[in-house]
Every structure is written in C-alpha cells, then in structure tokens.
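Heads up, the thing below is written out as structure tokens.
Coordinate-derived values only; no laboratory data. Computed from a predicted model, the values in this text were never measured in an experiment. As a convention, Cβ positions derive from the backbone with ideal geometry for all residues, glycine included, and neighbour counts pool all protein chains shown.
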C-alpha cells in the first residue's frame, strides 16, 4: 500500500529545495499534486495554467498516457541495464532516431541524465577531440555572460549568471563574451533582432586574438539564452560565431537544453537559425520531463578523431544511468508524439505568432521596457526598482500563481515557455491572469 497521500499534511523541515528560498516557500507554499494537459492542480484543488512548461521542459504538456504506457511496458521487460561495457537495443535505436532529427552530421549521441551532465560531457568530448588531434594545449573555453549551462562545476564555470557563480568559483579556464541584450538597438523585437549581430560577434575575434587560437578548445552558447532572460541572437550573430570557430579550428557547442524539441518552431534552434554546431547538448524536451535524460550529439569529424586515435576505451566518462531503459522508452514515445502531431514546427505557425502578438500587446503595462521572443518562448522585462533591482520577477511569479498562472521570474523579467500543445484559449487565460498580477504588484 503506498505511503504517499497527496492530502497528508506536509512537513517542510527535511527537503532542501533547489533554487528556492526555502523558508519563504514554507511560509506560503505552492504545492502541486496533479497535472493534465496544460494545467497543474494544487493541493487546494485550484487549476494552474502552465505557461512555463514546468521548467522549460514539459513540451508535450502533462499526463500523456502514451508516454506512461511506454514506460510501464519497458519496466515490465527491462527495468535497468548497465551501460558500461553492456547495452540494450533501445538506446541504439533512440540514438539512431535522434541523429535523423539533428542538423548536419551530428550523428552520434552520448546519453546523460540532465542538461548539467550534458554540458559536462560536451566539454570532455571537446577536450578529447583536441587531444586526439595532437592539440592538447587547447583547454580554454569561451562562453557568454548571462548564460546558464547547468550547475556542475563545468556549468558553473561556463555560466554567466553572477549569483550562480560567486559562491563556488571558476574551476575551468573560461572567458565570457558579452550577452546580446542591447535595448538601445533592439527593444521590442519580434523574432530575431535586426541590429548589431555581426558587430557583437566580433568580440569573439578579439578574445581569440587575446588568448591565441591554439589555446581555445570550444565556444559554447545557448542559441537563445533562457535563464538569463530569453535573449535572442541578433541576425548574423550565430553565423559569425560559426565562421570564426571554423577559421581557427575551435569547436562550436550549442546548448539546446531549452531550445531543443520544437521550442522555436524547428526540432532544434540550430535549424531555425540555420547554423550548425560541432557539438550539441539537449535534455528537458527529450522526454518532455517525464524521466530525467540528457544527451550530447557530436559531428562525424569529432567522433572520427576520437575513435580513430583510440585503441581501447574512447572516453573515460559516463554515468550509472546513461541511456536508462525507462528514459529511452519515454523518449521514443515522445518522439512519436512530436512527429504524429507535427509539434516540432508548430511554434513557427499561427500559435507562435499568436503568443508573440499577445506578449507585445502587454507592452502597455507599467514599467515595461522590453518584450522579446520567438515561437513559443518569450519574455517581458520591467524597469527595476531603484532600491530592489531584480525583485519584480519573483513578485510576479507569486502574484501570477494566485491568479492561476505559472510563469518564470527572472530578475526583473518574466519568461514564458508553454507546452507546445497550447491553444489560443490558453493564451487568453494567460493574458487575463498576468494583467491582474501586474496590477497587484505594480499598480
């Protein structure tokens, strides 16, 4: 008999919640007990419209029975198989299927359990590639300010969010490009901003000259910086990064943990923006968050260099739960749904346009200084309070919850990344709740 009961009183003393003001939460908890479609259900029985896709990850919405049935069937057949020197067929089938979706020649997948682990893996693959090429001195990495690449020490070093870094230090040799957020050029852009892309990317050329290209292993960027505030790449920016990396033998890594699996209107943002990386990380939408999973895809050239130079184990790296059978089953079921319902491209159509139109329609709210987004991801930024910068987003998160809407509060911005199954009626409900929340917080 299960010991869990959703109506049982909750003791907040024993669970240390991640990225949460725990004492504040315990005083005014937001507890979720069920989820279906576009909505969560609270412990008090209230419906909450999920405009954040959980944590940028529930791309297929909630309670998809097809995924649950696939997991159940796999559990009955094979609950776990070690992935160190053993394997199971489903992991190879999933890797083949993902390779067919990915751009260019990103044909080889290494499985992990999260975005953080995927980033860690991508860095090690980049190092292994240069070692195999006889360039072991290439250990420096270039990332970007306001980036988020997870919370392992590689991700903390690469990340560009000060609060995530200051307590832990920087343990890898990383330099950081400036972010692409320039309101003087591109405020209230719909889709990719028009101005300044190539000029912003030229900073990479300066860093390459400063560090010497023979010392740099890789450049890693999110095509759209998510946790940093939904910062889109101006036109020409990613293309120039690609050209500079190719010119100097530097690997380009795209962190598509948030942007992958249909968020921008293509399977991956690399396809939406027409720029192919050498390595790509993914997670979240790979299983629509039903079971933890992450992956790294690498190009044929990267794989060939590492494999051809090895006479035994190609990479001394991996995780106990890499390619877990239940996660593989969940991912295969998700891919079936993405493809059956044409969800990879849905955000590029009328529903994506509707969301972006509505977001820009909120520009009349108090203190709004920018609205930005593409497909089914976007953000509204507010002028900060002089005495409390960064406080508006968290306040609006709480106020929206009380109005039946879940959003992400990011400093003085609010981000949305709803499930790809969203309909216009849900967008209308979001607007109603969000306007009420802003009135509560800002007057």
Among 64, 36, 340: highest mean-square fluctuation, GNM of the chain, C-alpha pairs under 10 Å: 340
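Which percentage, to the nearest 5, of the DSSP beta bridges contained in segment 68-340 is antiparallel?
45 percent
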Convex hull volume per residue in cubic angstrom - Cα atoms of segment 38-115: 155 Å³
Calculated P(r) of segment 61-210 - Cα pairs past 24 Å, %: 56 percent
10 Å-binned pair-distance histogram of segment 235-285 (Cα, whole percent): 27, 51, 20, 1
Whole-percent pair-distance distribution, where bins are 5 Å wide, for the alpha carbons of segment 68-340: 1, 6, 13, 17, 19, 17, 13, 8, 4, 2, 1, 0
Global form of segment 378-443, assessed from the alpha-carbon gyration tensor, a/c cut-off 1.5: prolate
Burial order of peptide ranges 204-212, 275-283 (average beta-carbon count within 10 Å, highest first): 275-283, 204-212
Sorted by Cβ neighbour density within 10 Å, fewest at the top, the residues 56, 171, 16, 401: 16, 171, 401, 56
Volume per residue of the C-alpha convex hull in segment 202-241, rounded to whole Å³: 82 Å³
Whole-angstrom Cα spans of segment 322-385 along principal axes, big to small: 49, 29, 11
Among 112, 35, 73, residue whose mean-square fluctuation peaks in a GNM of the chain (springs only between Cα atoms under 10 Å): 73
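Fewest Cβ neighbours within 10 Å first, please rank 119, 33 accordingly.
Working: 119 29, 33 12.
Ranked by crowding around the Cβ, least crowded first: 33, 119.
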Residue with peak Gaussian network fluctuation, the chain [Cα springs, cutoff 10 Å], from 130, 248, 426: 248
Structure-based [θ]222 nm, the chain - -39500 (n - 2.57) summed over DSSP H runs of at least 4, per residue, nearest 500: -11000 deg cm²/dmol
